[in-house]
Structures are given as structure tokens and as C-alpha cells.
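Have a look at the structure below, then the notes.
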Amino acid sequence: MTCCTAKTDPLMLTSVYVFVTEMDKDHGFYRQVDVQDHAHYIVAFFVLVIGTVGVTGNALVMYAFFCNKKLRTPPNFFIMNLAVSDFLMAITQSPIFFVNSLYKGWIFGETGCKMYAFCGALFGITSMINLLAISVDRYIVITKPLQAIRWTSKRRTRFIIALVWLYSLAWSLAPLLGWSSYIPEGLMTSCTWDYVTSTPANKSYTLMLCCFVFFIPLGIISYCYLCMFLAIRHASRDVEKLGSQVRKSTLIQQQSIKTEWKLAKIAFVVIIVFVLSWSPYACVTLIAWAGYGSILNPYSKAVPAVIAKASAIYNPFIYAIIHSKYRDTLAEKVPCLHFLAQAPKRDCISVSHSESSFRDSMLSRQSSRTKFHQVSSVSTTDTVWSDVELDPMDQSHCVSSSYSLEALREKVQVTG
């Protein structure tokens with residue numbers, strides 16, 4: 001028997017490799033895009049900046065909240081959860097996106113693409129639904145203060161945060177289980193769900209995702225803030241009408257609303273920035289869903305994706321600008337950020353004004369003990385309500401004013 005040894009032709013192996021690669025491209029996963037090399041490098045630069053700032057900034061937010069026990073209030077748990085999701089978004093998305101941009105294509109295989117897209121979906125959806133939870137929390141505290149006393153607790157807040165993650169997990173797992181799929185997008189350097197291929201599963205998932213993760217939460221958020229604005233305006237007008245006869249309970253209630261409105265304003269700025277970041281991406285997916293995907297070029301898909309991922313970097317800057325206690329904590333714990341420290345602003349109603357208003361109110365009611373006890377009862381409730389606020393430093397000023405008013409009330413009661 002004659003044994004023949006065949007020599008392997010390198011050119012033939014190369015041809016086979018190219019043939020297999022082309023088959024993969026034809027099957028829709030590894031698709032080539034014809035763009036200039038500098039486009040990949042520009043994207044890589046912005047992704048590097050986004051990743052560095054996102055990881056560092058959100059890590060500082062988490063560090064500040066862990067260092068300062070006074071910041072660990074139930075409303076701030078939502079802020080903390082938002083920082084966690086943004087941190088995970090930045091640390092799981094930016095490094096891989098950056099490396100792929102340098103190689104000008106996806107290099108981590110199909111499994112890597114699915115895991116990358118899953119993480120992006122999970123943390124992005126978590127951020128959006130967490131903002132919805134923040135808005136509902138502020139809505140209840142400002143417009144329904146009596147319910148807020150029972151609503152606001154650390155245990156209930158943790159339960160809501162767990163529901164936020166479970167809801168996000170369900171939407172993120174769906175493409176892995178067959179409802180749509182995860183594929184490379186844009187310049188083929190990042191991955192997301194398949195909103196381009198027109199199949200019933202892809203179109204239904206895209207529509208439902210946009211509705212239940214973006215548009216419906218956005219509508220609820222808008223309704224909550226409209227109600228909060230109307231409640232603030234109504235309370236302010238009531239205080240103006242009362243004038244010098246305003247009671248202690250009304251003063252505390254107005255200050256409590258103002259304090260809660262501070263956190264609501266921070267959340268509102270965060271929500272606006274988040275929506276602006278994700279709106280271009282939502283528009284691109286809906287254009288493809290409507291059947292006009294052919295008009296979308298690689299750049300029109302890649303740029304909105306980069307803008308959406310940048311949503312993870314803005315929140316630390318918003319906190320640094322608005323949240324005085326956050327600034328003071330970082331200035332104390334991080335030496336290079338000492339410039340953030342500043343003298344606390346006194347936002348509460350002045351003690352002298354409160355005492356004067358309360359004195360006038362009490363002198364006019366000395367003959368009625370029943371009314372007096374009613375005011376005292378309401379004041380107690382409002383004091384409990386005022387504990388649920390953003391900045392404990394501001395709370396100390398309010399409490400000191402409350403103590404002064406309480407002393408004055410006892411004095412009037414004795415003289416009466």
C-alpha cells in the first residue's frame with residue numbers, strides 16, 4: 001500500500017477562511033461596513049472619554065454616599081442605585097467598545113456580542129426605570145404627605161429598587177430567549193438588539209421596548225412633575241393669602257415642600273439629560289421599525305449609540321453643581337476636590353419671621369385652646385414629614401427654627 005502525503009497550500013487555507021468569513025457575513029452577524037478608518041478612531045476617542053468620566057464620576061458618587069451616613073436616606077437610595085447602574089454601564093460598555101473601535105470591527109465573537117448587549121440593555125433600562133421610581137417617590141412625598149409617612153422607609157425603598165432590577169432583567173433576557181436577538185450595530189463595534197431586520201419578533205420587541213421602557217415611563221414622569229409643580233404653586237399661594245396670620249404648621253409645611261422640591265429638581269435635571277441622551281437612539285430604532293431602515297447609514301446608527309452611552313457621565317456633574325452635601329463630602333474625603341466645598345446656604349424660613357408670624361397667630365387664638373391643640377397636632381405631623389429631605393444640613397436649620405417656635409408656643413400657652 002502506498003501512502004501519499006499531501007502538502008497544505010497556504011493560499012488554499014486563506015481562500016477557505018475568506019469563504020467561511022463571507023458565509024458568516026451573509027448570515028447577518030459579522031457584517032462589514034465601508035467607513036473611513038478615522039471614523040473608528042474618533043469614536044474610540046469619545047468612548048474612552050465617556051468610559052473614564054463615567055467610571056470615575058459614578059464611583060465618586062457611590063464613595064460619597066458610603067462615607068456620609070447622613071446621605072443614606074430612602075430618597076437618596078434611588079440616587080445611589082442610579083449611580084450603580086451608570087457605573088456598571090460605563091465599565092462594561094466603554095472598554096469593549098473602545099477596543100473594537102481600534103480594531104475597526106467586532107472581535108469578541110457572537111457570545112461576547114450577546115453578553116455586551118445584554119449588559120447594555122440591563123443597565124440602561126435600570127437607569128430609566130429608576131428615574132421613574134424617583135419621580136413617583138417625589139410625587140407622593142410632595143402631593144400626598146400623609147401617605148408619604150407610611151410610604152417612605154428603607155425597607156420599602158429597597159423592595160422598589162429590587163423590582164426595578166427585576167423589570168429591567170426581564171426585558172434584557174428576552175433577546176437571549178428568542179424574542180428578537182443581539183447583533184452588532186452601527187460601525188460593527190458595539191452590539192444591541194436587532195431593530196434593523198424586519199421580522200415579527202424583532203418588530204414586536206422593538207415596539208414594546210420603546211413603549212414600556214421609554215415612552216410610558218416618560219409620560220408618567222411628566223405627569224408626576226406636573227402635579228408636583230401645581231402642588232408647589234398652590235401651597236405658595238396659600239401662604240401668601242394667609243400673610244402675617246400664617247400658622248407654625250403652615251410654615252413648616254411650606255418649608256418641607258421646598259426641601260422635597262430640591263430633590264425633585266435634581267431628579268428633573270437628571271431625567272431631562274437622560275431623555276435627551278436616549279431620544280436619538282429611540283428615533284433611529286423607530287425609523288427602522290417603521291420600515292425605513294434603508295435610509296439609515298452606519299454613522300446614523302453609531303452616533304446615537306455613543307450619545308446614549310454618554311448618559312452615564314452626566315449625573316455626577318449634576319450632583320456636584322446642585323447637591324451641597326455631596327460636594328462637601330467629596331471635598332472632605334478627596335483632597336484634590338477640596339475646591340467643591342462651600343459655605344452652606346440657609347434656605348429655610350428665618351426664625352425671626354417664623355416667630356413673628358406664629359406670635360401673631362397665637363395671640364389671636366389665645367381664647368381657643370381647642371384650636372391651639374389642633375395646630376400643635378398638625379405641627380407634629382409636619383415635623384415628621386420634614387425629615388424626608390435631600391440635604392440633612394438644611395434640615396438642621398429647619399429643626400432649630402422649629403425648636404424656637406416650640407419654645408415660643410409654650411411661652412404663649414403659659415401667659416394665656
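Just so it is clear, none of the values below were taken in a lab; they were calculated from the coordinates. As the structure is a computational prediction, the values presented were derived from the model and not from experiment. Cβ placement follows ideal geometry from the backbone for every residue including glycine, while neighbour counts extend to all protein chains displayed.
Things to note:
- Additional length obtainable on full extension of the chain from R150 to E332, 0.36 nm per residue less Cα span: 62.1 nm
- Between S190 and E185, the built amide H atoms are under 5 Å apart, and every one of these is 5 or more places off in sequence or on another chain.
- A simple spin-label model places the labels of A170 and I318 2.6 nm from each other, with each point 7 Å out along Cα-to-Cβ.
- At 1.306 mPa s and 10 °C, Stokes diffusion of segment 32-119 via Kirkwood alpha-carbon radius, µm² per second: 108 µm²/s
- Unsatisfied cross-links (Cα-Cα over 29 Å) in the set K114/K154; K114/K301; K70/K309; K144/K203; K154/K203: K114/K154; K70/K309; K144/K203; K154/K203
- Estimated vicinal HN-Hα couplings, Hz - segment 272-280 in sequence order (Karplus 6.51, -1.76, 1.60; Gly, Pro = x): 4, 5, 5, 5, 5, 6, 8, 4, x
- Take each peptide in 68-77, 198-207, 126-135, count the other Cβ atoms within 10 Å of every residue, and average; sorted highest first, the result is 126-135, 68-77, 198-207.
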